[in-house]
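Presented below is the structure to which this report refers.
The values are calculated or read from the model by the stated rules, or taken from the named source; none is laboratory data. All figures in this text were calculated on a predicted structure; none of them were measured in a lab. Cβ atoms come from the backbone with ideal geometry, glycine included; neighbour counts cover every protein chain shown. For the accessible areas, the whole protein counts, side chains as well, though only heavy atoms, and no ligand, DNA or RNA atoms are used. Shrake-Rupley method; radii C 1.70, N 1.55, O 1.52, S 1.80 Å.
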Amino acid sequence: MRRREFLGVLSSTAIAWPLAARAQQPARVRLIGVLLNAFSPEEPAPQAFRQGLRDAGYSVGGDVGGDVVIEWRAAHGDRSRLPTLAADLVQRKVDVIVVDSTPGAQAAKNATSTIPIVLALVADPVGSGLVASLQRPGGNVTGLSMMTPELAGKRLQLLKETIPSLTRVGVLRNPDFAFHSQVVTDLRAAAPSLSIELSFADARTPEEFGPALAVVSRARAQALYVIEDSLFLKNRTTLLKLASQARLPVTYGERHFAEDGGLVSYGPNFGDLFYRSAGYVNKILRGAKPADLPIEQPTKFELVINLKAAKALGLTIPQTLLIRADHVIE
């Protein structure tokens, strides 16, 4: 081979080597932060998010050849920890942050204006100031809404169907959250047509549950409507025990309350919302901008009735309602 030809071949090979090496390098592992307030990572609802990623074609860290890794951060109901946990995820330079609560979403939004934030379980994204609108969220936040304010009247109606003689209902709210005010407004609008008189009690901590239930008991409430809140959900065992002592049937928006001793629950399926949030993460990892992804509403709702709780309270649930229930606890 002539010297000039040899040098040409050598030069071409030198250029090709780094190109081939780059082509053979594995794709960068993507980091997904999940900031939990009401849940623990091992619970079924958050694990539905992991399954959603797998069904979208990802190998999740822990699987062979994982191309995404989930960085779980759980406050275990202590909201004061959320800003620190959110800041930690930002420092880890995660590609996306998924949140399970309004306080978690606010903490994440305060921590970053650039990392995309996906809402899995947030009651009222617009009313909470997290997004500009459902159709055009704007900024770095998108995801799913739980429709909490919109479902208030429906839950009160179901409670009336469960206890036809019901005329007085106590409402437990957390005054620290703006969307609770909207729920109260909707409940007040629905109550007259159901011939129901409402009384209200506030609780910001588990220590305030007892005094709050004493307030509604003095108002001669016949049942307790608990507005969705990670504080109430995380401490439901304490709350349900106090309600049982006060002989108050409890209604809530999530099935854990009915499963753990509440009378009736009606609301979106949390596992389904976590699963669908993985779809948002998939779109964002593929280049979509959160500002352009509309907020979606729940598509699966569950009516759960606890007959054990009804029996303990001396209540008979109408058969017409039992037929409509998605799950009956006997």
Practice problem: Convert 4 °C to kelvin, take the viscosity as 1.567 mPa s, use the Kirkwood radius over C-alpha pairs of the chain as Rh, and evaluate the Stokes-Einstein diffusion coefficient in µm²/s, rounded to a whole number. | Solution: 60 µm²/s
Exercise. Using a Förster distance of 56 angstrom, determine the FRET efficiency expected from the C-beta separation of Arg168 and Arg28, and round it to 0.05.
Key: 0.40
Quiz prompt | trypsin sites (Lys or Arg not before Pro) lying in DSSP loop within the range 215-284, provided at most 15 other Cβ fall within 10 Å | solution = Arg220, Arg247
Quiz item: Given +1 on the Cβ of Lys and Arg, -1 on the Cβ of Asp and Glu, and no further charges, what dipole in debye does the chain carry about its Cα centre, rounded to the nearest 20?
Solution: 720 debye
Quiz item: So what's the back-of-envelope 222 nm ellipticity for the chain, counting only DSSP H runs of four-plus at -39500 (n - 2.57) apiece and dividing by all residues, rounded to 500?
Solution: -13000 deg cm²/dmol
Practice problem: Kindly count the pairs of lysines across the chain whose alpha carbons are less than 23 Å apart, treating pairs on different chains or eight or more residues apart as eligible. | Solution: 16
Exercise. Determine the dipole magnitude for the range 249-330: charges of +1 sit on the beta-carbon of Lys and Arg, -1 on that of Asp and Glu, nothing else is charged, the reference point is the Cα centre, and the result goes in debye to the nearest 20.
Key: 200 debye
Quiz item: Around Leu85, what is the net charge, scoring Lys/Arg as +1 and Asp/Glu as -1 over all other residues with Cβ under 14 Å from its Cβ?
Solution: +1
Quiz item: Using alpha carbons only, how many degrees (0 to 90, rounded to 10) separate the axis of helix 270-285 from the longest principal axis of the chain?
Solution: 30 degrees
Self-check item: Inverse of mean 1/r across different Cα pairs in the range 121-232, Kirkwood, Å
Solution: 15.0 Å
Exercise. Return a whole-number percent for the relative contact order of the range 170-209, with Cα pairs under 8 Å and 6 or more residues apart as the contact set.
Key: 58 percent
Quiz item: Amide H to amide H, which residues 5 or more places from Ile329 or on other chains are under 5 Å from it, using H placed in the peptide plane?
Solution: Ile305, Asn306, Leu307
Exercise. Convert each backbone phi in the range 37-42 into a coupling constant with the Karplus relation 6.51 cos²θ - 1.76 cosθ + 1.60 (shift: θ = phi - 60°), then list the ³J(HN,Hα) values in order as whole Hz, x for Gly and Pro.
Key: 10, 8, 10, 9, x, 7
Quiz prompt | For the range 186-330, accessible area per residue (1.4 Å probe, heavy atoms of protein chains only), Å² | solution = 45 Å²
Practice problem: With a 1.4 Å probe and every protein chain kept in, tell me what percent of the accessible surface of the chain is carbon plus sulfur. | Solution: 52 percent
Quiz prompt | From the C-alpha gyration tensor of the range 188-311, square roots of 5λ in Å | solution = 33, 16, 15
Self-check item: Relative contact order (%) - the range 203-330, alpha-carbon pairs under 8 angstrom, separation at least six
Solution: 20 percent
Quiz item: Taking only C-alpha pairs under 8 Å that are 6+ residues apart, what is the relative contact order of the chain in percent?
Solution: 18 percent
Quiz prompt | Nearest-ten-degree value, helix 44-55 long axis tilted from longest Cα axis of the chain | solution = 30 degrees
